[in-house]
Amino acid sequence: MMQGSSLKIAGLVVLAIVLIALPQVVKSSFAIDIFIRILLFSFIGAAWNLMGGYAKQLSLGHAAYFGLGAYTSTIMQIDFGISPWIGMAAGGVVAAIASLPIGWLCFRLRGPYFTIATIATAQALMLIFLKFRDFAWGAEGTTIPNLGSSPLMMQFETKASYYYVVLGLLALALFITHKIEQSWMGYYLVAIGEDEDAAGAIGVNAPRIKRDIYMISAFLTALAGTFYTQYIYFIDPATAFSFNISIEAALVSIVGGIGTLWGPVVGTVLLETTSALLQSWLGSTTGGIQLTVYALILTAVILWRPTGLMGFANEVLQRRRERQQAPSRARTAP
Amino acid sequence: MLETVAQAVINGLLIGGIYALVSIGVTLIFGVVKIVNFAQGEFVMIGMYITFFLFSYFSIDPLLSLFISMPVLFVLGALIQHFLIRRVLGPNDMPQIFLTFALSLLLLNLSLLLFSANYRTVHTFYSDEAFHIGGLYISVAKLIAFVVAMVLSGALWVFLHTTDLGKAMRAASQKPDVAVLMGINPNRVFAVAFGMALALAGAAGSLLMPFYSAYPFVGQVFVLMAFVAVVLGTLGNVIGALVASLMMGVAESLGIQFVGADSGQIVVFAMLLFTLAFKPNGLGGGRVR
């Protein structure tokens, strides 16, 4: 047991060194852009996974928080000159507060109807930001003023710096997930995910736990919104509240394995790599091909490996361990 | 003023008939198979493209293409139920939600790939015709669509209440375990229910074509409306879905008339949120799940 955990720590250290060294070794800005996308969607997936994976509250409306985070920091920056670093935290708080009424409405339904309600709330927020052009630039959106190199305003000259920011975000999300996994809350979440009524019957305060995890999940998702807006220097309701953000958050977690620490990361690596390869083969103009392939992968995972790639990996490891143990047991038998 | 309101109500009722076909499909699948079909809107889209291609290559009138789109989608539905949905039925929500969601994503993006994002329209001799009664204006194509939609909904109700298969379907939806004990084959019943729901979506597609454009995302418009109507009309209830759909159509039309052309969707979302806040079990007051 001791050996196993020190092996894990060694693996983590190696992984951290590789990830930190990566942009120093790989200089192609196309490649770094893909790494940033992978880290960003792993992060969003990890935020989704806290609620969608452990507690099985399958939201398809996380774009609501992505957009709220993006708009909060951008409005603070453009109208008041406040640094997006502060705006990022503020966006997280706004999203966490917004999750209270949204959750109050959506948690009245369960299963698929919860999912539909979350889609509707995200779409409704997008419509609101489209309608009210006075405080949020309406449908045209706005560009973020480019200040050149200004780390204090979250603007960097090299893509590598953005890479480190989002790497830090992902590390934060994974750390939080790990802490929750090991706490009582983690067990409560899994219990709610297995059977909410039964969890309630044995004394789990399901509505409160769901509310709390939704707040944490919304907070983290909003940070991604700020980062993304700073990275592409542009914001409009269609990108900030894009349904594709909600889809991808859920997709990477399901393909990787919901309710596992590394699932969203594994899923994102697979999906984003596939999407990058497709784009370089077919050119970026072929609309629909990326999501067609995502849909096929999702269907395959659901039909054959509902536990995702992590579940599959665990099964293989388990089987191998059993096979190693089987001969020794045979030998000791009289 | 009164005339404007009356006109808006008529327009809303007419389009509400189409919403009803989509919602009845969703509620039928939910009632019998116990899953929510996220791809229902995409089957409306497929119905529209079938109708469009039949018209542009063989000059078949959209109303006649009902007799092609409905059977094609019925078979498609039975196959999807048999080969895909059947494998994920059970107490676990996740695979059910995301299988039909993946199906929706797949069909939408495949049609984007195959047919491009262009708007396709069919122009028939009755597309621009209208009755003028008093100061009111009633489009012929929409009236035909509404009447056929009501006939189909009525036929479904009669089927569910008078035929053996229909009764078996209602039995399987109310007490699946007991239904099996009574000798009802659930797989067959589920396949027929899924096929019928898709045939209704196909009919909606054909009926829409004389006055509505087909494009890959068109299903999203209808499916969202249908989901709201199904919650509003109490999950799994056919009559509830029908009445709620007509109400939604009228509410949307009044919203467009009095709030602004782009606020139809806002009215729909507002209705959904109010339903969730005050009547989460539907207007009929049944139970959720």
Next on the checklist: Looking at B:Gly240, B:Gly260, B:Gly219, can you tell me which residue is crowded, with 24+ Cβ neighbours inside 10 Å and either in contact with a helix residue (DSSP H, G or I) (Cβ under 8 Å, 6 or more places away or on another chain) or within 14 Å of chain A (Cβ to nearest Cβ) (or both)?
Outcome noted: B:Gly219
Checklist entry - Which fully enclosed helices (runs of 4 or more DSSP H) of the range A:93-212 have 2 or more residues being more than 14 Å from chain B (Cβ to nearest Cβ), at pLDDT 85 or above and at negative phi? => result A:159-182, A:184-194, A:196-201
Checklist entry - Of the conditions (1) surrounded by fewer than 15 Cβ atoms within 10 Å (Cβ to Cβ); (2) aliphatic (A, V, I, L, M); (3) in contact (Cβ under 8 Å) with a residue 12 or more places away in the chain, B:Met150 fails just one. Which one is it? => result (1)
Checklist entry - Out of (1) of a type outside the set (Phe, Trp, Tyr); (2) at positive phi; (3) away from chain B (no Cβ under 11 Å), the odd one out for A:Gly288 is which? => result (3)
Checklist entry - Applying the selection to the range B:79-99, what residues are without any contact (Cβ under 8 Å) to a residue 12 or more places away in the chain, more than 8 Å from chain A (Cβ to nearest Cβ) and either surrounded by 16 or more Cβ atoms within 10 Å (Cβ to Cβ) or under 21 Å from A:Tyr113 (Cβ atoms) (or both)? => result B:Gly90, B:Pro91
Item to check | Those residues of the range B:167-178 which are among the small types (Gly, Ala, Ser) and either free of Cβ contacts under 8 Å to residues at least 60 places away in the same chain or surrounded by fewer than 24 Cβ atoms within 10 Å (Cβ to Cβ) (or both), in sequence order | outcome: B:Ala168, B:Ala171, B:Ser173
Checklist entry - In the range B:179-215, what residues are surrounded by fewer than 24 Cβ atoms within 10 Å (Cβ to Cβ), in a loop (DSSP other than H, G, I, E, B) and in contact (Cβ under 8 Å) with a residue 60 or more places away in the chain? => result B:Phe211, B:Tyr212, B:Ser213, B:Tyr215
Checklist entry - When you look at A:Leu309, is it more than 9 Å from chain B (Cβ to nearest Cβ), buried (at least 18 other Cβ atoms within 10 Å of the Cβ), out of contact with any Cys (no Cβ under 8 Å at 6 or more places or on another chain) and at pLDDT below 90, yes or no? => result yes
Next on the checklist: Restricting to the range B:45-78, count the residues that are surrounded by fewer than 20 Cβ atoms within 10 Å (Cβ to Cβ), touching a residue at least 40 places away in the same chain (Cβ under 8 Å) and within 19 Å of the chain's Cα centre (by Cα).
Outcome noted: 5
Checklist entry - Going by the structure shown, is A:Ala218 in contact with a helix residue (DSSP H, G or I) (Cβ under 9 Å, 6 or more places away or on another chain) and either aliphatic (A, V, I, L, M) or modelled with pLDDT under 85 (or both)? => result yes
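The values are calculated or read from the model by the stated rules, or taken from the named source; none is laboratory data. These figures come from a predicted structure and were not determined experimentally. Backbone-built Cβ (ideal geometry, glycine too); neighbour counts: all protein chains shown.
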